[in-house]
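Since the structure comes first, as structure tokens, the remarks are kept for the end.
The numbers here are math on the coordinates, done by the rules we state, and not lab data. Quantities reported herein were computed from a predicted structural model and do not represent experimental measurements. Don't worry about glycine lacking a Cβ; one is built from the backbone with ideal geometry, like all the others, and counts go over all protein chains shown.
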Amino acid sequence: MLLTHASTFVIRFALCAMLFALFGCGYHFRPTGEPIGPGVESLAVPLMTSTSSEPGFEAIFTRMVRDEFISHARVPLLPAEEAAFTLVGRIHTIWTNPQSYSFLDRTVQGNSVIYDETNRRRLRLRLDVSLVERSTGKVVWREEAMETGASYEVTADPLVDQYNKQVALERIARRLAQRIYMRTMERF
């Protein structure tokens with residue numbers, strides 16, 4: 001009988017500890033797509049600006065950010081003059097670095113020449129982004145130099161290379177859009 005009371009006590013204690021940990025720590029369940037902290041009633045996502053040398057990427061990136069909010073949040077996207085908050089972004093650097101090489105041995109005028117040929121490149125993008133309350137101009141959050149990258153294959157065909165680079169840019173945009181969404185909607 002004593003063992004039964006002790007095991008009942010342990011079970012009750014464990015349940016109380018779990019309930020305290022779950023509800024006493026400040027975490028709470030909430031509907032998906034609703035922010036924690038100050039609510040974002042409506043949002044504007046104007047075209048991102050860019051000082052990079054990659055033309056046309058601003059529209060792709062802006063579309064990806066908007067799609068992220070549309071697919072996950074219950075926040076209406078409105079024109080900048082009507083929205084309570086504005087998401088402002090500026091792409092300032094897009095660059096590539098060689099990631100892997102092949103060594104080619106060629107004969108040129110009877111001499112053996114070995115040179116490097118790039119097989120993969122690493123594409124990197126850096127931007128500044130902030131969420132601004134339109135009525136007061138107060139910056140709710142800002143991240144300078146948000147950065148990520150993606151790799152792409154380099155071939156002998158420049159059209160294929162351009163396509164591969166475009167796909168890598170879209171992967172980067174999708175990753176950054178997810179980070180921006182999380183930073184905006186999952187604030188603690």
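Spacing of the modelled spin labels on GLU153 and LEU78, each 7 Å from Cα toward Cβ, amounts to 4.8 nm. In sequence order, segment 131-147 has phi-based couplings of 10, 10, 6, 5, 5, 10, x, 6, 7, 6, 8, 8, 10, 9, 6, 5, 9 Hz under the Karplus curve 6.51 cos²θ - 1.76 cosθ + 1.60, θ = phi - 60°, and Gly or Pro positions carry x. Remark: segment 85-94, residue by residue, has Karplus-estimated 3J(HN,Hα) of 10, 10, 9, 10, x, 9, 7, 10, 8, 10 Hz, where x stands for each Gly or Pro and the curve is 6.51 cos²θ - 1.76 cosθ + 1.60 at θ = phi - 60°.
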